[in-house]
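Since the structure comes first, as structure tokens, the remarks are kept for the end.
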Amino acid sequence: MERSSNIMDLPSEVLVNILSRLALKHVHQLQTVSKEWLRTISSPHFRRLYNKKSLNRPRARVVQVSDSKHSPNGMEMISRTISISTMDLAVDNSEIQKNFSFEDIIAPEHSFFIFSNLIIFNHKVCNPTTKEIINLPISSYPSVSFDVGYIPSNNTYKIVHLYATKTGPNYHFNYGGSAVEFRFETLTLRDGGPIPSSWQSLAHQEWFSYKVDSTCVNNAIYWLVGRADRMEKHIISMEIENEEFLSSVRCPKDPYYEEFPLIENGELADLNGKLCLAYQSEELSRIDLYFLKDHKKQEWVKEHIINLSGMGSLFKIMGYVPLKGNNGEIMIDGGKQPLLYNIEENRFRKLARSKMNIHIGLYFDRCFNLGSTRLSLQPRVDLLSEGDQL
């Protein structure tokens, strides 16, 4: 049989396999090769497959806040510049690669939440991959926080808005107060839009004093909350696809509470598909990692202690970076100095250091568009680089 060296003659399944291994910016460029390639890359099958494979090759998403502008009296911030960059985690001493930036106008009820692939601020959502910034519907309730979970099976995002049923100081930094009522509403973002016109309220309610942290693990969002009147913390959770709440889970005892009684100590993270609760002692320069082994039995196991001696203070566990074999690294946000901690070899690897404080987290190349309608916010052209929308 005569063999062809033309890549256009490759079987469809082979072409899909090759394209799904490339960086997203290269996939975007290859859309223009032919109509057949454009159809292949635009198909829901390819987009789901690409997004699934990208989970094994995370990068670091870096968010910097700078150029703050204040009111004439200097008391209130009116705007600031948000810069989005990335780092390659597979390369030692990888430089911070600037992608783009935009101006954030501070609203009366200001919010700013960073997730792996989305940024929510002032009732807007930014998709850094496509440089889209679009409006979210305005909620009727005062915000406490937003959380985002990704559903791979249908390539959608679920935004969960935690809000207060009443206004007042008891819903912010309520560490000494009694439990108050909180509720939830959701918004589903589908690939290509459209953006829903309103939030969907859930009947579920919770009573607690304050929220400490949250994360998403295996299609469920977990909130670490506390009751100041009982001096205890527990975890509430919701499966994001069917929007059903699970039974609450008691937290293991904070080993540092008696010596360093910080009621807000504790943070949640997704470490290789497992829910992790981290207790940190700034004075002892260490982090204890507990993993939830059985939700129904409320069984926790302490698996790792990370010694941060000489590394500084105020660290946050951001996620898990898979390596070849069963090995892996834990990403740690250290302010200006992000770190990767190798679990098996018990050693650190430092990433590029910034001159200013940064927010760092895991980022995955993902075929996802918010929609065709964009806001008139203009990104700063001095920081534009790699490809636009896929």
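Convert each backbone phi in the stretch 335-347 into a coupling constant with the Karplus relation 6.51 cos²θ - 1.76 cosθ + 1.60 (shift: θ = phi - 60°), then list the ³J(HN,Hα) values in order as whole Hz, x for Gly and Pro.
Computed from phi, the couplings for the stretch 335-347 are x, 7, 10, x, 10, 10, 10, 7, 5, 6, 8, 6, 9 Hz.
Taking amide H positions as placed in the peptide plane 1.01 Å from N, state which residues far from residue 308 in sequence (5 or more) or on other chains have amide H under 5 Å from it.
Answer set, sorted by chain and number: 286, 287.
Could you tell me which of the pairs 53/253; 274/296; 53/296 are separated by over 26 angstrom between their Cα atoms in the structure shown?
On the way: 53/253 37 Å; 274/296 15 Å; 53/296 31 Å.
From 53/253; 274/296; 53/296, over 26 Å: 53/253; 53/296.
Report in % the part of the accessible area of the stretch 321-367 that belongs to carbon and sulfur, leaving out ligands and nucleic acids; probe 1.4 Å.
Values: 990 of 2200 Å².
Roughly 45 percent of what the probe reaches on the stretch 321-367 is carbon or sulfur.
Relative contact order (percent) for the stretch 54-138, with alpha-carbon contacts under 8 angstrom and 6 or more residues of separation?
On the way: 142 pairs, mean separation 15.9, N = 85.
Computed value for the stretch 54-138: 19 percent relative contact order.
Estimate the FRET efficiency between residue 203 and residue 122 by the formula 1/(1 + (r/R0)^6), using the beta-carbon distance for r and 25 Å for R0, to the nearest 0.05.
Details: r = 28 Å, r/R0 = 1.12.
The computed FRET efficiency comes out at 0.35.
If I stretch the segment between residue 284 and residue 36 completely, what's the gain in nm (0.36 nm per residue apart, minus their alpha carbon distance), one decimal? Don't jump to the answer; show the numbers that get you there.
Working: separation 248, 0.36 × 248 = 89.28 nm, distance 5.93 nm.
So the chain would gain 83.3 nm between residue 284 and residue 36.
Using a 1.4 angstrom probe with every protein chain in place, what is the largest-first accessible-area order of 347, 250? Please list the in-between numbers first.
Details: 347 100, 250 160 Å².
Output order, biggest surface exposure first: 250, 347.
Between residue 141 and residue 75, what is 0.36 nm times their sequence separation minus the Cα-Cα distance? Round to one decimal in nm.
21.1 nm
How high is the FRET efficiency from residue 344 to residue 298, r the C-beta distance, R0 30 Å, rounded to 0.05? Could the numbers behind the result be given before it?
Values: r = 28 Å, r/R0 = 0.94.
Efficiency for this residue pair is about 0.60.
Report the net charge of residues surrounding residue 245, where surrounding means a beta-carbon distance below 9 angstrom and charges are Lys +1, Arg +1, Asp -1, Glu -1. Write out the running numbers ahead of the final one.
Numbers: positive: none; negative: 206, 239, 243, 244.
With Lys, Arg at +1 and Asp, Glu at -1, the neighbours total -4.
The values are calculated or read from the model by the stated rules, or taken from the named source; none is laboratory data. Keep in mind that this is a model prediction, so the values were computed, not measured. As a convention, Cβ positions derive from the backbone with ideal geometry for all residues, glycine included, and neighbour counts pool all protein chains shown. Heavy atoms of the whole protein, side chains included, go into the accessibility calculation; ligands, DNA and RNA do not. Shrake-Rupley method; radii C 1.70, N 1.55, O 1.52, S 1.80 Å.
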